[in-house]
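Just below is one structure, and these are the notes that go with it.
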Amino acid sequence: MTETNLQMAEDIPALDVRPIPRAIRHATVIGALSAIRPGRSLDLVAPHDPQPLLRQVEGLEPGVWSVEYLVEGPEAWTLRLTRAV
């Protein structure tokens, strides 16, 4: 992560889903995303590339979220999801 990204991350909430039971991970993320205001972001930390989750989020809110990969594995993936204005 660059210094600029680190500075920006200070006011961006992070959700690490690795300790959350698999059965409720997607619901947890979707609930957290519902609290993000337009123009704001959430950093998501996952144990793998969360493509199934991203497809689910896109299906629920088409075109609302942009995704930026900050860290791409191998032990953890960090993505910044930003809600459209």
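List of remarks:
- Put a plus charge on the Cβ of each Lys and Arg, a minus charge on the Cβ of each Asp and Glu, and nothing anywhere else: the dipole of the chain about its Cα centre is then about 380 debye.
- Positive-pole candidate from VAL17, TRP77, GLY59, dipole of the chain, charges at beta carbon: GLY59
- In terms of overall dimensions, the C-alpha atoms belonging to segment 8-58 reach 28, 21, 17 Å along their principal axes, ordered largest to smallest.
- DSSP-defined antiparallel bridges as percent of all bridges, the chain, nearest 5: 80
- Scaled against the 2.2 N^0.38 Å expected of a compact globular protein of N residues, the Cα radius of gyration of the chain reads 1.03.
- Taking the accessible area of the chain, probe 1.4 Å, and keeping the other protein chains in place, the carbon and sulfur fraction comes to 56%.
The values are calculated or read from the model by the stated rules, or taken from the named source; none is laboratory data. Here the structure is a predicted model, which is why all the values come from computation and not from measurement. We place every Cβ from the backbone using ideal geometry, glycine too, and count neighbours over all the protein chains shown. Protein only, heavy atoms only, side chains kept; ligands, DNA and RNA dropped before computing areas. Shrake-Rupley method; radii C 1.70, N 1.55, O 1.52, S 1.80 Å.
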